[in-house]
Amino acid sequence: MKILVCISHVPDTTSKINFAENDTKFDTNGVQFVINPYDEFCLTRAMWFKEKQGASVTIVNVGGAETEPTLRKALAIGADNAIRVNVNPTDGFQVAKELAAVVKSGAYDLVLAGKESADYNGQMVPGMLATLTDFNFINGCVGIEVDGTNVSVQREIDGGNETLSTNLPLVIGGQKGVVEEKDLRIPNMRGIMMARKKPLQVIEAVGAEASTTIQSFEKLAPKGAVKLVDADNVDELISLLHNEAKVI
Amino acid sequence: MSVLVFAESSEGKFKKTALEVVSYGKKVAEQLGTNVVALTINASDSSELYTYGAEKVVSVTNDALNTFNAKQYAAVVTEVAKAQNATVVVVDSSIDGLYIAPIVAVNLEAGCVSNVVAAPSNTNPFTVKRKTFSNKALSNTVISTDHKVIGLAKNSFGIHENVVAGTTETFEATIVASKVKSEKVERVTGKVTIADADIVVSGGRGLKGPENWGMIEELASILGAATACSKPVSDLGWRPHSEHVGQTGKPVAANLYIAIGISGAIQHLAGINASKVKVVINTDPEAPFFKAADYGIVGDAFEVVPKLIEKLKAFKAS
Ligand SMILES: Cc1cc2nc3c(=O)[nH]c(=O)nc-3n(C[C@H](O)[C@H](O)[C@H](O)COP(=O)(O)OP(=O)(O)OC[C@H]3O[C@@H](n4cnc5c(N)ncnc54)[C@H](O)[C@@H]3O)c2cc1C
């Protein structure tokens, strides 16, 4: 099985979010970048397939050279090789079109992508990619088994789970549950040494265009101070929630 | 030209978010000087949507659509969008809404923007405000394509009555083939789900153990609320994973979020930022949650929550 894992390079979850150039750009100053947490679940699952069922694992990122340390980290976790599509994308549609070109040229069976990225949270790349390549598609995946070309997938639904069956080729939008968090892999020294020698291919973009542009960012308005209520006076809390906040 | 909204229903009944997307679609249609058309799939009576401004309802009924299938649903939305000459398609940000939005976007070659929180600030260029960076910021985003797909964030625009004399027409949709088949659906029934709840009562590691969740459930049941928890609580197996909220868990956009014995770590807050009113009960006055909350009690959950239950019972009875 040939697996492609899409890797997005995103600010660490604890990063302070600031903007530069008149609030038109994300300020990367002092920000540490990591593998998108949703993609990390998918990458670990791909490693499992590789080790238990036999598979080759390629990772791909659409982005500038600054994303290479993140790709090296994914190689250190165990991916076989990496592709970087050399363009700084401005929206998810552009990313999906560039990824579709990679998928079409590589004869992949299974494409794993996080259901969203932790920065722009667009939730569109896996669905667009599947539609552009005419692969089957399951989003919000919380479990996947592959037997030959038959696939069984669990996805999250409101208030529960759904089990689905389908065939390869398939794109999944994954989240926690594809593997559990305790099973996530961290690169060890040997992996890091080996990753240095693994191929990281840089390819030119097909020139897909974005369909949206960010005009400006805004930080959330500062919140008023919390109103503290005495622990012996829960009546006051009820009254505030009823009369002031009007939520009960 | 028209604005098409997909009004989601479950077992024939509209979700609250369906009324919100119709309200939103009506507003966008007014801004564009056109009509809003609401699409319903297997909903028995769609007249409720007239109350929120849907001049026209396109009703699709087909047994093949009894179980949600993303490709088939997206094909229906696309077909109706084309038939109604819709340039803007609005879905809600439910699990299913966000599943079909990107498929519809590719079908229509439309720019797609999810987590939208307000009516367009401008229609030329078409500019919407959306949540980004895990709810820590907003972005004003311009959609430059002729067609646009919008995923509306829950509880962001609100439900607005706007009574019109609407009409409903039926539509025979083409059912496309899908190689993805539903085998089994397991749903917790009889419980308010986090996605639908207006009120969420959430407990953290401060509750010490699963045996103490009785009071959380009682408080939730008095308020008609869903129960939730912080990540360590589900990791420890005190509560099911489906209750874990936060950046790596479920997002919560409730009107009221009550956090009991939860510290308010940044990853937890990322998942609940979109909630309107936040209440925190915590023994530690320095807990970061107090900075994010609207109302707070510094106190021991084991003393405060039983009192709150007792007083709320009296309040609800009065
Ligand atoms: C990549 C990443 C992703 C993460 N994603 C999430 C996520 O999605 N959701 C999430 O919740 N966390 C997430 N976390 C974990 C997060 O950082 C915190 O560890 C977690 O939220 C803490 O949970 P807690 O507040 O329940 O527990 P604790 O941090 O242990 O806090 C317990 C709180 O209870 C209070 N308390 C104790 N006793 C009482 C009492 N008797 N009455 C009242 N209050 C009491 C304490 O003062 C304390 O503030 C993530 C972390 C990482 C690194």
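The values are calculated or read from the model by the stated rules, or taken from the named source; none is laboratory data. Worth saying up front: this structure is predicted, and the values here are computed from it rather than measured. As a convention, Cβ positions derive from the backbone with ideal geometry for all residues, glycine included, and neighbour counts pool all protein chains shown. The accessibility values were calculated without ligands, DNA or RNA, using every heavy atom of the protein model including side chains. Shrake-Rupley method; radii C 1.70, N 1.55, O 1.52, S 1.80 Å.
Restricting the first residue to segment B:297-315 and requiring it to be under 13 Å from A:E236 (Cα atoms), which pairs with a second residue that is open to solvent by 60 Å² or more (accessible area, probe 1.4 Å) and more than 16 Å from the ligand (Cβ to nearest atom) meet a Cβ separation below 6 Å and a spacing of at least six or different chains?
B:K311/A:D235
Could you list, in sequence order, the residues of segment B:7-59 that are of a type in the set (D, E), free of Cβ contacts under 8 Å to residues at least 12 places away in the same chain and under 19 Å from B:I95 (Cα atoms)?
B:E11
Going by the structure shown, is B:E183 more than 9 Å from chain A (Cβ to nearest Cβ), open to solvent by 80 Å² or more (accessible area, probe 1.4 Å), within 30 Å of B:L39 (Cα to Cα) and acidic (D, E)? Before the answer, list the steps.
Details: more than 9 Å from chain A (Cβ to nearest Cβ): no; open to solvent by 80 Å² or more (accessible area, probe 1.4 Å): yes; within 30 Å of B:L39 (Cα to Cα): yes; acidic (D, E): yes.
Answer is no for this residue.
Going by what's in this entry, would B:Y99 be described as aromatic (F, W, Y) and at the interface with another protein chain (Cβ under 10 Å from one of its Cβ atoms)? Show your work before the answer.
Numbers: aromatic (F, W, Y): yes; at the interface with another protein chain (Cβ under 10 Å from one of its Cβ atoms): yes.
Here the answer is yes, as B:Y99 does meet what is asked.
Considering only segment B:60-68, I want to know if a residue exists there that is free of Cβ contacts under 8 Å to residues at least 24 places away in the same chain, open to solvent by 40 Å² or more (accessible area, probe 1.4 Å) and farther than 25 Å from B:S121 by Cβ.
If we filter segment B:60-68 for residues that are free of Cβ contacts under 8 Å to residues at least 24 places away in the same chain, which is where we start, we get B:63.
Then keep just the ones that are open to solvent by 40 Å² or more (accessible area, probe 1.4 Å); that gives B:63.
Filter again for farther than 25 Å from B:S121 by Cβ, leaving B:63.
For segment B:60-68, residues free of Cβ contacts under 8 Å to residues at least 24 places away in the same chain, open to solvent by 40 Å² or more (accessible area, probe 1.4 Å) and farther than 25 Å from B:S121 by Cβ: present.
Those residues that are more than 9 Å from chain B (Cβ to nearest Cβ) and at pLDDT below 95, I need them from segment A:197-232; list them, please.
Correct list: A:A221, A:P222.
Please count how many residues of segment A:65-95 are in a loop (DSSP other than H, G, I, E, B), out of contact with any Ser or Thr (no Cβ under 8 Å at 6 or more places or on another chain) and more than 18 Å from A:K197 (Cβ to Cβ).
Restricting attention to segment A:65-95, the residues satisfying the condition of being in a loop (DSSP other than H, G, I, E, B) are A:78-80, A:87-91.
Add one more test, that the residue is out of contact with any Ser or Thr (no Cβ under 8 Å at 6 or more places or on another chain), and what stays is A:78, A:87-89.
Now narrow it down to the ones that are more than 18 Å from A:K197 (Cβ to Cβ): A:87-89.
Adding up the residues that qualify gives 3.
Let me confirm something: among B:G264, B:G246, which residue is touching a Ser or Thr at 6+ places or on another chain (Cβ under 8 Å), on the phi > 0 side of the Ramachandran plot and not polar (S, T, N, Q)? First the steps, then the outcome.
Numbers: B:G264 fails: touching a Ser or Thr at 6+ places or on another chain (Cβ under 8 Å).
Step by step, each of B:G264, B:G246 is checked, and only B:G246 is touching a Ser or Thr at 6+ places or on another chain (Cβ under 8 Å), on the phi > 0 side of the Ramachandran plot and not polar (S, T, N, Q).
Filter segment B:208-246 down to the residues that are assigned to a helix (DSSP H, G or I), away from the ligand (no atom under 14 Å from the Cβ) and surrounded by 15 or more Cβ atoms within 10 Å (Cβ to Cβ) and list them by number.
B:E218, B:A220, B:I222, B:L223, listed by residue number.
Kindly provide the set of residues from segment B:10-42 that are crowded, with 22+ Cβ neighbours inside 10 Å and either at pLDDT below 95 or acidic (D, E) (or both), ordered by number.
The answer is B:T17, B:E20.
Return yes or no: is A:I17 open to solvent by less than 30 Å² (accessible area, probe 1.4 Å) and more than 14 Å from chain B (Cβ to nearest Cβ)? Walk me through it before giving the result.
Details: open to solvent by less than 30 Å² (accessible area, probe 1.4 Å): yes; more than 14 Å from chain B (Cβ to nearest Cβ): no.
No; evaluated as a whole, the condition is false for this residue.
For segment B:303-318, enumerate the residues that are crowded, with 20+ Cβ neighbours inside 10 Å and either more than 7 Å from chain A (Cβ to nearest Cβ) or within 8 Å of the ligand (Cβ to nearest atom) (or both).
Result: B:V304, B:V305.
So which residues in segment B:115-131 are open to solvent by less than 30 Å² (accessible area, probe 1.4 Å) and more than 16 Å from the chain's Cα centre (by Cα)?
B:A119, B:P120, B:F126, B:T127, B:V128
Yes or no: B:S202 in contact with a Gly (Cβ under 6 Å, 6 or more places away or on another chain), modelled with pLDDT of 95 or more, within 12 Å of the ligand (Cβ to nearest atom) and not aromatic (F, W, Y)? Lay out the reasoning, then the answer.
Working: in contact with a Gly (Cβ under 6 Å, 6 or more places away or on another chain): no; modelled with pLDDT of 95 or more: yes; within 12 Å of the ligand (Cβ to nearest atom): yes; not aromatic (F, W, Y): yes.
Spelling it out, it is not the case that B:S202 is in contact with a Gly (Cβ under 6 Å, 6 or more places away or on another chain), modelled with pLDDT of 95 or more, within 12 Å of the ligand (Cβ to nearest atom) and not aromatic (F, W, Y).
Quick one: count up the residues across segment B:141-180 that are more than 14 Å from chain A (Cβ to nearest Cβ) and in a loop (DSSP other than H, G, I, E, B).
Keep residues of segment B:141-180 that are more than 14 Å from chain A (Cβ to nearest Cβ), which gives B:157, B:159-175.
When the remaining residues are screened for being in a loop (DSSP other than H, G, I, E, B), the result is B:157, B:159-166, B:171-175.
Number of matching residues: 14.
Go through segment B:259-274 and give me each residue that's open to solvent by less than 10 Å² (accessible area, probe 1.4 Å) and facing chain A (nearest Cβ under 10 Å). Walk me through how you get there before you give the answer.
We begin by selecting, within segment B:259-274, every residue open to solvent by less than 10 Å² (accessible area, probe 1.4 Å); these are B:259-260, B:262, B:264, B:270-272.
Across segment B:259-274, the qualifying residue is only B:A270.
For segment B:259-302, name all the residues that are over 21 Å from A:K16 (Cβ atoms), more than 22 Å from the chain's Cα centre (by Cα) and more than 8 Å from the ligand (Cβ to nearest atom).
Answer for segment B:259-302, where residues must be over 21 Å from A:K16 (Cβ atoms), more than 22 Å from the chain's Cα centre (by Cα) and more than 8 Å from the ligand (Cβ to nearest atom): B:V280, B:P285, B:Y295, B:G296, B:I297, B:V298.
Checking A:V125 against (1) touching a residue at least 12 places away in the same chain (Cβ under 8 Å); (2) within 8 Å of chain B (Cβ to nearest Cβ); (3) surrounded by fewer than 22 Cβ atoms within 10 Å (Cβ to Cβ), which test does it fail?
Status for A:V125: all satisfied but (3).
Within segment A:152-166, which residues are of a type in the set (A, V, I, L, M, F, W, C), over 13 Å from B:V188 (Cβ atoms) and facing chain B (nearest Cβ under 7 Å)? Lay out the reasoning, then the answer.
Within segment A:152-166, the first condition is being of a type in the set (A, V, I, L, M, F, W, C), and the residues that meet it are A:153, A:157, A:164.
Pick out the ones that are also over 13 Å from B:V188 (Cβ atoms) and you get A:153, A:164.
Within segment A:152-166, just A:L164 meets the criteria.
Test each condition in (1) at pLDDT below 95; (2) within 12 Å of chain B (Cβ to nearest Cβ) for A:I186 and report the one that comes out false.
Unmet condition: (2).
For a quick check of your reading: which strands (runs of 3 or more DSSP E) sit entirely within segment A:1-64 and have at least 3 residues that are polar (S, T, N, Q) and away from the ligand (no atom under 16 Å from the Cβ)? Quick ask: steps written out before the conclusion?
Working: elements: A:2-6, A:9-11, A:33-35, A:56-62.
Result: A:56-62.
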